[in-house]
Amino acid sequence: MTTNAYPNLLAPLDLGFTTLRNRVIMGSMHTGLEDRFYNYGKLAAFYRERARGGAGLIVTGGISPNRQGWLLPFGGTLNFLGDVPNHRKLTRAVHEEGGKIVLQILHAGRYGYQPFVVSASGIKSPISRFTPKPLTEAGIEDTIRAYARCAKLAKMAGYDGVEVMGSEGYLLNQFLCARTNKRTDAWGGSIENRMRLPVEVVRRIRAAAGPDFIIMYRHSVLDLVEGGNTWDEVVATARALEAAGVNLLNTGYGWHEARIPTIVTSVPRAAFADVAARLRKEVGIPVAASNRINMPAEAEQLLASGSADLVSMARPFLADPEFVNKAASGRVDEINTCIACNQACLDHTFQNKRASCLVNPRACHETELVVRKTVKPKRIAVVGAGPAGLSAATVAAERGHQVTLFDGLDRIGGQFNVAMRVPGKEEFAETIRYFGRRLELLGVQVRLNERVTREQLVAAGYDEVVVATGIVMRKPRIEGIDHPKVLSYLDVLRDRKPVGQKVAIIGAGGIGFDMGEFLVHDPAVPLPVPAAHWMAEWGVDPHVATPGGLAAPVPPQPPRQVWLLQRKTTRPGAGLGKTSGWVHRATLVRNGVTMMAGVQYDRIDDAGLHITVGGEQRLLDVDHVVICAGQESLAELMPAEGATGGPGFHKIGGAALAAELDAKRAIREGAELAARL
Ligand code: NAP
Ligand code: SF4
């Protein structure tokens, strides 16, 4: 079945010498597979699935044109003929599925985490411990040649073109902005001089690769750092790039060192699309909108309103390789939506681990996590309809097993129902919607409001029982823990019990931080937070009248005074995700939350919470104390160790290990177990 619900999204784009089958770019993502030649088979399988799923133009992860440009030691490089056969595996896979693919050329400049780093000037970045060497004039010429050689080799490898990475604060962006370019020669000073390297790189790529080769340029339209460019400079550069031979302009927002988030889940959907729309009016080539676009409706709206000619989505293709085909065939409710958590993709990349996806553990593991039809269908009971149970039930049913899913509550989703109530985490509702639809399509029998016992499961004669019963909240042993002032996080988030003006949160883990954000959210601001409000709060000037588009943040109006406490002496929030933890911390700081470490909880009484910190006794005269002190596994259904007979029992997710309760592990364990059953 096809649909005309997305006529703009699905319209081909004729570039003269080649045509893209639709307006969807799968944006560049560093998967970790591109850095080792022996992983190119896996990478080809990853791209093949995305091309088969309908992506119009796939952009590879960043590949360096030379050793100096490496992001990490021995990162993916294309600079000699011997590399070409590996890349052919990728281009062949995509072309066989009717897609097109461009190689992203990424020179990290001073963001490289390796000793050969170079930049416009010798200014160290806050995210690498290596100070860059300023490129000499000869070094600049070598760099330009490396780009041109890389593009030529890309053409030999069968790529349809290249994307030149010019945003997010990488080398070309470093030359383009006064923040990092302090040169006094012909490559620094005026914007004409600062744009010389990016423009020359494009000109020489065009000369090397010929006219029938896509050159897309990822242009930083909003640097979001001090010393970034103004709108006039952004536009002047875009026009010069067009004149030098660029066919498509992709847009980039924020340097990696920016203190304004650009992709985490609390960034409103399509927040930056207006900036792309302004650029589109200034140039004669197609412009792609990017960042936090994760569903076809927003993408279609951007194209229909003339904000952009194409839409670039990266992580949504980790979450669902079939994104485009599902949109085209009227199956939007089947899309596994990227919830912008970064937990399995960017957080992995920053830990030098292979990327995957929290909601789709097959991502980047296409040849390893294979879901095959079973030749011996079994009757399987899955107990618990949280992320682990949903994942196990759907994969088992996909394999052809007969699956019954039980949950004691009246709805599926488990802890995700709690998470989605946190401001900025509304996307979690999409995952519940996705799994709900999968259960329906796969014919899983869902039995809600039903608490089953082990005896019932055994008596029912199931072949296998998956125990995904999750967790129970930990109740810390503190004097007065049963005082009426004490609430659990479920009381507040799930049962919506009223909370007073002054609140202490016990436990500064992921849920403690979530609770902080929930409690300081101004009820006058609708959820999800509108983009204009979000920009004002973070200090973003979408008109880029100031360098980098920075404005003075508008102070929030928190409705409560909040203390966030932990016993450890480490910095609160130290265990949160690398790419999102700082956003949560900054949000709480801006809202005046007092974070305290090294706290001993003495007692709770009518006066409030009595604590000892640094040997000093204190009273927090709060109205409520909210407990977010972690969880303990709930796995009562598991038989005693050594018990024999009856179905095979398997525990996964929080039921298996509460200490690291996290949805990424839960969903992966569910899928891996079901793939084996
Ligand atoms: P958590 O991260 O393990 O944090 C539990 C907190 O409770 C810690 O601050 C701990 O600090 C405190 N605590 C533990 N035992 C205690 C006791 N007996 N008395 C008083 N305090 C105690 O657990 P969580 O916050 O429940 O989060 C669970 C998981 O959900 C996380 O690990 C994460 O994977 C996921 N999650 C992540 C996020 C996110 O990254 N944004 C958000 C929500 C959930 P002290 O021991 O120092 O007091
Ligand atoms: Fe999106 Fe999270 Fe998956 Fe990354 S891990 S692709 S952010 S859902």
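Things worth noting here:
- Which numbered condition Gly642 misses (of (1) part of a loop (DSSP other than H, G, I, E, B); (2) touching a residue at least 12 places away in the same chain (Cβ under 8 Å)): (2)
- Meets criteria (in contact with a Pro (Cβ under 8 Å, 6 or more places away or on another chain) and assigned to a loop (DSSP other than H, G, I, E, B)) for Ala635: no
- Test: residue in region 2-14 that is outside any loop (DSSP other than H, G, I, E, B), acidic (Asp, Glu) and either on the phi > 0 side of the Ramachandran plot or at pLDDT 95 or above (or both): yes
- All told, Arg411 falls short of being more than 16 Å from ligand 2 (Cβ to nearest atom) and more than 28 Å from Gly424 (Cα to Cα).
- Verdict on Gly642 being at pLDDT below 95 and more than 27 Å from the chain's Cα centre (by Cα): yes
- When the residues of region 265-308 are filtered to those that are of a type in the set (Val, Ile, Thr) and in contact with a Lys or Arg (Cβ under 9 Å, 6 or more places away or on another chain), the one that is nearest to ligand 1 (Cβ to nearest atom) is Thr265.
Yes/no matrix, rows are residues, columns are (1) buried (at least 21 other Cβ atoms within 10 Å of the Cβ); (2) hydroxyl-bearing (Ser, Thr, Tyr); (3) free of Cβ contacts under 8 Å to residues at least 60 places away in the same chain; (4) within 12 Å of ligand 2 (Cβ to nearest atom):
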{"position": "Ala271", "(1), (2), (3), (4)": "yes, no, no, no"}
{"position": "Gly284", "(1), (2), (3), (4)": "no, no, yes, no"}
{"position": "Glu300", "(1), (2), (3), (4)": "no, no, no, no"}
{"position": "Pro321", "(1), (2), (3), (4)": "yes, no, no, yes"}
{"position": "Val324", "(1), (2), (3), (4)": "yes, no, no, no"}
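- Among the residues making up region 513-542, a single one is more than 20 Å from Gln561 (Cα to Cα), aromatic (Phe, Trp, Tyr) and surrounded by 20 or more Cβ atoms within 10 Å (Cβ to Cβ): Trp538.
A quick yes/no check of all residues on (1) among the charged types (D, E, K, R); (2) not assigned by TED's automatic domain parsing to the domain that holds Ala392:
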| residue | (1), (2) |
| --- | --- |
| Thr587 | no, yes |
| Met596 | no, yes |
| Asp605 | yes, yes |
| Arg618 | yes, yes |
| Lys651 | yes, no |
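- Criterion violated by Leu487 - all others in (1) in contact with a helix residue (DSSP H, G or I) (Cβ under 7 Å, 6 or more places away or on another chain); (2) crowded, with 16+ Cβ neighbours inside 10 Å satisfied: (1)
- Scanning region 35-73 for residues that are under 26 Å from Gly139 (Cα atoms) and either among the acidic types (Asp, Glu) or outside the structural domain of Ala327 (by TED's automatic domain parsing) (or both) returns a single hit, Asp35.
- Candidates Leu588, Leu609, Leu637, Leu576 - the one that is within 16 Å of ligand 2 (Cβ to nearest atom), touching a residue at least 40 places away in the same chain (Cβ under 8 Å) and not aromatic (Phe, Trp, Tyr): Leu576
- Residue match in region 110-128 (condition: on the phi > 0 side of the Ramachandran plot and not in a helix (DSSP H, G or I)): no
- Of the residues making up region 508-526, none is assigned to a strand (DSSP E or B) and more than 16 Å from ligand 2 (Cβ to nearest atom).
- Filter result for the condition that a residue is crowded, with 21+ Cβ neighbours inside 10 Å and in contact with a His (Cβ under 9 Å, 6 or more places away or on another chain), over Ser312, Ser356: Ser356
- In region 313-344, the residues that are away from ligand 1 (no atom under 14 Å from the Cβ) and not in a helix (DSSP H, G or I): Met313, Ala314, Asp320, Pro321, Glu322, Ser329, Gly330, Arg331, Ile335, Asn336, Thr337, Cys338
- Test for Ala658: is it crowded, with 16+ Cβ neighbours inside 10 Å and under 22 Å from Ala459 (Cβ atoms): no
- Residue count for region 48-97 under the criterion of being under 16 Å from Tyr111 (Cβ atoms) and assigned to a helix (DSSP H, G or I): the result is 3.
- Scanning region 329-351 for residues that are more than 13 Å from Met295 (Cβ to Cβ) and among the aliphatic types (A, V, I, L, M) returns Ala344, Leu346.
- Note on region 345-389: residues that are of a type in the set (S, T, N, Q), at pLDDT 95 or above and more than 16 Å from ligand 1 (Cβ to nearest atom) total 3.
Residue by residue, here is whether (1) farther than 30 Å from Thr131 by Cα; (2) under 21 Å from the mean Cα position of the chain (by Cα) holds:
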position	(1), (2)
Leu13	yes, no
Met26	yes, yes
Met29	no, yes
Asp35	no, yes
Leu43	yes, yes
Thr77	no, no
Arg88	yes, no
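- Condition check for Leu564: farther than 19 Å from His256 by Cα and buried (at least 21 other Cβ atoms within 10 Å of the Cβ): yes
Conditions tested, residue by residue: (1) surrounded by fewer than 20 Cβ atoms within 10 Å (Cβ to Cβ); (2) touching a Gly at 6+ places or on another chain (Cβ under 8 Å); (3) among the hydrophobic types (A, V, I, L, M, F, W, C); (4) under 26 Å from Leu57 (Cα atoms).
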| position | (1), (2), (3), (4) |
| --- | --- |
| Thr91 | no, yes, no, yes |
| Gly98 | yes, no, no, yes |
| Gly109 | no, yes, no, no |
| Ile123 | yes, no, yes, no |
| Ala138 | yes, no, yes, no |
| Ala146 | no, yes, yes, yes |
| Ala151 | no, no, yes, yes |
| Met156 | yes, no, yes, yes |
| Glu163 | no, no, no, yes |
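- Residue satisfying condition, being surrounded by fewer than 14 Cβ atoms within 10 Å (Cβ to Cβ) and assigned to a loop (DSSP other than H, G, I, E, B), within set Pro559, Pro555, Pro572: Pro555
- Region 652-671 - residue that is farther than 17 Å from Gln343 by Cβ and either part of a helix (DSSP H, G or I) or modelled with pLDDT under 90 (or both) and, of those, nearest to the chain's Cα centre (by Cα): Ala658
- Verdict on Leu448 being exposed (fewer than 15 other Cβ atoms within 10 Å of the Cβ) and under 25 Å from Asn336 (Cβ atoms): yes
The values are calculated or read from the model by the stated rules, or taken from the named source; none is laboratory data. No experiment lies behind these values; they were computed from the predicted model shown. Note: ideal-geometry Cβ built from the backbone for every residue, glycine included; neighbour counts use all protein chains shown.
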